[in-house]
Amino acid sequence: MKWWIMDILTKADSFLSGIYKDYMKFVKYMGVGVLGTAVDLAILFSLVSFFGMYYLFANIISYSAGTVVNFFLNKRYTFNNTYKKVHFQFMSFAAVAAVGWVLSEILLYIFVDHIFMDSSNLTIMISKVIATFIVFVYNYIVNKRTTFKIFQ
């Protein structure tokens, strides 16, 4: 890599570390979150569009699948966690995710039925993306402080 690119990256790393020392964990968490969200959205879209499932019921299934993907990728990649008793750790992650799911359901309902007042597939997907972003922040903060810190 050219020396000036390395210089820019070094300065950016120093700057971001000054703002938030664990910024790389957050960046990794976001990357994993994109994958988990893709799984979540693909399943939600499939269940609503192809199987005609009510969007709030479909959200239960899609959110659960995204949660499982997120747990295993975050455990290994984001937090490089080697705790052997995965079931205890997953229960903690699932408890955090359950609160996130309730928040997701509430937000999805509010956006689809009260703000947009339209239950088309596009509205459901847009509402899901907005709800996912809000839940993402909650999940990161709580999982960082509990699931992947307590169970090390």
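The numbers here are math on the coordinates, done by the rules we state, and not lab data. What you see is a predicted model, and the numbers here were worked out from it, not measured in a lab. Please note: Cβ atoms are built from the backbone with ideal geometry, for glycine as well, and neighbour counts cover all protein chains shown.
Starting from the exponent 0.38 and prefactor 2.2 Å, build the expected Rg for the chain from its residue count and divide its actual Cα Rg by it.
Normalised Cα radius of gyration, the chain: 1.20.
Estimated from the Cβ-Cβ distance and a Förster radius of 22 angstrom, the FRET efficiency linking Leu56 and Met125 is about 0.95. Subtracting the Cα-Cα distance of Arg76 and Thr146 from their residue separation scaled by 0.36 nm leaves 23.6 nm. A simple charge model with +1 on the Cβ of Lys and Arg, -1 on the Cβ of Asp and Glu and nothing else charged puts the dipole of the chain at about 840 debye relative to its Cα centre. As I understand it, the value is the acute angle between the Cα axis of helix 3-19 and the longest principal axis of the Cα atoms of the chain; what does it come to in degrees, rounded to 10? Helix 3-19 sits at roughly 70 degrees to that axis.
Listed from fewest to most Cβ neighbours within 10 Å, the set Trp101, Trp3 follows the order Trp3, Trp101. Ranking Tyr83, Ser127, Ser104 by how far each Cα lies toward the positive end of the dipole of the chain (charges on Cβ) leaves Tyr83 at the top.
Centre-to-centre, using Cα atoms only, the stretch 112-142 and the stretch 18-68 are separated by 11 Å. Cross-link partners of Lys11 among lysines, defined as those whose alpha carbon lies under 20 angstrom from its own and excluding same-chain residues fewer than eight positions apart: Lys2, Lys21, Lys25, Lys28. Computed over the stretch 26-105, the alpha-carbon pair-distance distribution with 5 angstrom bins reads 3, 16, 23, 23, 17, 10, 5, 2, 0, each value a whole percent. Among the lysines of the stretch 74-146, pairs that are 8 or more positions apart or on different chains and have alpha carbons within less than 23 Å of each other number 5.
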